[in-house]
């Protein structure tokens, strides 16, 4: 898709998502941002312009939902186009809820134990046996 077509598509999605909303209704804006999450909406074009704008919304509720979209996109393997930088920056957000969300997301997670590979283990045993002349 050409860049111009992509920008037109993004503009259409923005209009479909936010047109008709009361600008004072932060809960509705937050719900609409959340509806763009890759876990709920199949992206045909990158929607980062919309999500990054939501990260600058005056409402902490909207900002937190935008950060959720970034987190989820990252976990689904999307290239986040600088979104992780915004997630790290949110650790200094003036709203405690946004800071807490960012810190929870970025908190190091314990490593899961790797399942044993029995085929590899048998192969290594055979190699060791050959090396030792068994």
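Values quoted throughout were computed directly from the atomic coordinates according to the rules given, and no laboratory measurement underlies them. It should be emphasised that the depicted structure is a prediction, and the values quoted were computed from it without experimental measurement.
So what's the angle, to the nearest 10 degrees on a 0 to 90 scale, between helix 3-18 and the longest Cα principal axis of the chain?
Taking the Cα atoms of the chain, the angle to 3-18 is about 70 degrees.
Using helices alone, what [θ] at 222 nm do you get for the chain, with -39,500 (n - 2.57) per DSSP H run of 4 or more residues, divided over all residues and rounded to the nearest 500?
Details: 7 runs with 80 residues, N = 134.
Mean residue ellipticity at 222 nm (helix-derived): -18500 deg cm²/dmol.
Give me the angle, in degrees from 0 to 90, between the Cα long axis of helix 118-131 and the longest principal axis of the Cα atoms of the chain, rounded to the nearest 10.
The angle comes out at about 40 degrees.
Report, in degrees rounded to the nearest 10, the 0 to 90 angle that the Cα long axis of helix 60-75 makes with the longest principal axis of the chain.
With both axes taken from Cα atoms, the answer is about 30 degrees.
If you take the Cα Rg of the stretch 1-126 and divide it by 2.2 N^0.38 Å, with N the number of residues, what do you get?
Numbers: Rg = 18.9 Å, N = 126, 2.2 N^0.38 = 13.8 Å.
Normalised Rg, Cα atoms only: 1.37.
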